[in-house]
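The values are calculated or read from the model by the stated rules, or taken from the named source; none is laboratory data. In this text the structure is predicted, and so the values were computed from the model without any measurement. Neighbour counts run over all protein chains shown; Cβ positions are idealised from the backbone, glycine included.
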Amino acid sequence: MSKTYGDTAQSPRRNCKSRTLLALIAAPLIGLNFGFAQQAKTDGILAATREALQKMVGDTIVNGQAYVYDQYLADDIGPRLTGSAQYMRAADWALRQFQWLGLVNVHLENWIMPAIWEPEVPATGRILVPVEHHLHIYSVGWGPSTPAQGVEGQVVYVPSSDIADLDKQKSQLLGAIALIDDLSFGAAHTVDKTIPAIDHLRALGVKAIIEPGDTNGTENSDTMMNFTGTINGIPEAQLGKEDVLLTKRLLERGPVTMQFSFTNHVRSHVQVPNIVAEIKGSQLPDEPVIVAAHLDSWDPGTGAQDDGTGVAMVMEAARAMMNVHKPPSRTVRFVLLGGEEEGLLGSIAYSTQHTAELPKIDAVLISDSGSESARGWCL
Ligand SMILES: [Zn+2]
């Protein structure tokens, strides 16, 4: 999931395997045993579990496919905006991979995404006053298109997102293009604080909102404006960081007028699949361990890191476990989720569809932190 600001798609790295190994090694500690409870334990781990882990870890080291999986997702499919044609291709690929590996109960679980968003025409923009400058500008995800003639107006910087401070700027902001950045939010820079502030800003009648992306020319889409999967009411855009600094410097000297335009393709109420596959447990098949990641990504990059690495780990864990040729005690359910970047919508849909089953789920392991060295588990 993206941070409040920023969620870059970087190049895949080759240490995906280390995370996969961690998942496999940690698995028996949370109940994913491969033997009977009465069997002898060594260091708290059943002998049969130790043997299975040795096979899985060894197989992953000499025959690991995590990098291959991630490379296919990134290079052969590419960006996977939820509900896009590429997302659907990725879902089909995952389905066939699970089937080819020999997993059971391989299927799609559909849910309804409020809206699907895809950029149609690249954004263009300029500072018009006091001096003309080309802008590095992009539409924020799940935002509407600009009017055909674009958005044009005076830029007003928002130094504080506190509701009372926003209200003090009310007359300035009406009909203006509001510029916000990290300093606008200060220490309260978390989603649960920024979303209400942005909502309040919209209600003050601004024409559009602009926020910093990454360095000029580096797109960095995110949905910090929303997290509901619906389309925002007014055009919202990212500016390159240097462009934001330029705009703020110009604002210190006087009024700044800006113009920008972009076209986004939007579809409403679209069916989107999560992908599910299982290795049936031999002892406790109704008490599953869920191993999951999110299949969707943003569009500026290929989602190789976020969350291609997580998908690769899930797939590699399934592959390595199947190569043990002995079922674990509990069912292991592999789930690839959509709609994560728009507000955890796929996992919420999964939880809703499986409400009755939730008390029996033994553990849920989700990877969504990229391929850096594993430092532990986030609860
Ligand atoms: Zn993510």
**OP:** Kindly list the number of the only condition in (1) without any contact (Cβ under 8 Å) to a residue 60 or more places away in the chain; (2) surrounded by 13 or more Cβ atoms within 10 Å (Cβ to Cβ); (3) more than 30 Å from LEU73 (Cα to Cα) that fails for GLN154.
**Re:** (1)
**OP:** Select from region 315-368 the residues that are under 18 Å from LEU95 (Cβ atoms) and of a type in the set (Lys, Arg) and list them in ascending order.
**Re:** ARG319, ARG333
**OP:** Return the only residue of VAL244, VAL291, VAL276 being crowded, with 22+ Cβ neighbours inside 10 Å, among the aliphatic types (A, V, I, L, M) and part of a helix (DSSP H, G or I).
**Re:** VAL244
**OP:** For SER268, state whether it is under 22 Å from GLU109 (Cβ atoms) and surrounded by 23 or more Cβ atoms within 10 Å (Cβ to Cβ).
**Re:** no
Original post:
In region 324-379, which residue that is hydrophobic (A, V, I, L, M, F, W, C) and part of a loop (DSSP other than H, G, I, E, B) is nearest to the ligand (Cβ to nearest atom)?
Top reply: LEU344
Original post:
List, please: which pairs have Cβ atoms under 7 Å, are six or more places apart or on different chains, and start with a residue in region 256-278 that is closer than 20 Å to ILE348 by Cα and end with one that is at pLDDT 95 or above and among the acidic types (Asp, Glu)?
Top reply: PRO273/GLU109; ASN274/GLU109; VAL276/GLU109
**OP:** Could you tell me which of the residues GLU357, GLU341 is surrounded by fewer than 24 Cβ atoms within 10 Å (Cβ to Cβ) and either under 16 Å from HIS107 (Cβ atoms) or touching a residue at least 40 places away in the same chain (Cβ under 8 Å) (or both)?
**Re:** GLU357
Original post:
Out of the residues in region 290-323 that are among the charged types (D, E, K, R) and over 12 Å from the mean Cα position of the chain (by Cα), which is nearest to the ligand (Cβ to nearest atom)?
Top reply: GLU316
**OP:** Please give the number of the condition GLU109 fails out of (1) among the charged types (D, E, K, R); (2) free of Cβ contacts under 8 Å to residues at least 60 places away in the same chain; (3) more than 26 Å from PRO300 (Cα to Cα).
**Re:** (2)
**OP:** Look at TRP298 and say whether it is in contact (Cβ under 8 Å) with a residue 24 or more places away in the chain and closer than 30 Å to GLU51 by Cβ.
**Re:** no
